[in-house]
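Structure, as structure tokens:
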Amino acid sequence: MTRQTGEARCFPMRGAMRLAFIGWALFAGGCALLEDYEAEKTRCLNFERLIARDERRVSHLDSELKQARRELAELDEKHRKLIAQVKAVQAELALVQEEKATIQETARLQADSRRLSSGSQEQVADLYENGNPP
């Protein structure tokens, strides 16, 4: 065996080892890529679930907002009607108070006229002197 033949036999072993190493590296790299792909796929699915849940929640909140706005409009209308009723009652109360004052004044005048018609001139003069004219 010459040195050349021994070297010739050694080179195919080195080539096979290189080929095995490259194959193992590709396999290991492929596994790592597959794991990364699966992890990214899982993250994307979870993210899509979160987005769908948030969209449902936003939709629910939108419907609640619309309902609250409708209720607000109804309450504003009721408030305007009640304010109008309060103003009408206040106006009616003012009229009743005026009528009461008029009735009291009329009653006082009638009492004074009865007193004057039954009393003497001296009593009328006393009333004027005391500062209480009829």
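Each residue of segment 73-81 was assigned a 3J(HN,Hα) from its phi angle through the Karplus curve 6.51 cos²θ - 1.76 cosθ + 1.60 (θ = phi - 60°); the sequence is 4, 5, 5, 4, 5, 4, 4, 4, 5 Hz, with glycine and proline shown as x. Placing dummy labels 7 Å off each Cα toward the beta-carbon, the span from D62 to A20 is 6.4 nm.
Among residues other than D54 with Cβ under 15 Å from its Cβ, the summed charge is +1 (Lys and Arg +1, Asp and Glu -1).
For K87, the aspartates and glutamates whose Cα comes closer than 17 Å to its Cα, not counting residues fewer than 8 places off in the same chain, are D76, E77, E98. For segment 100-108, putting each phi into the Karplus relation 6.51 cos²θ - 1.76 cosθ + 1.60 with θ = phi - 60° gives couplings of 4, 5, 5, 5, 5, 5, 4, 5, 5 Hz, in residue order, rounded to whole numbers and with x for Gly and Pro.
We did not get these values from a lab; they are worked out from the coordinates using the rules stated. Quantities reported herein were computed from a predicted structural model and do not represent experimental measurements. Quick reminder, even Gly has a Cβ in these numbers, built from the backbone with ideal geometry, and neighbours come from all protein chains shown.
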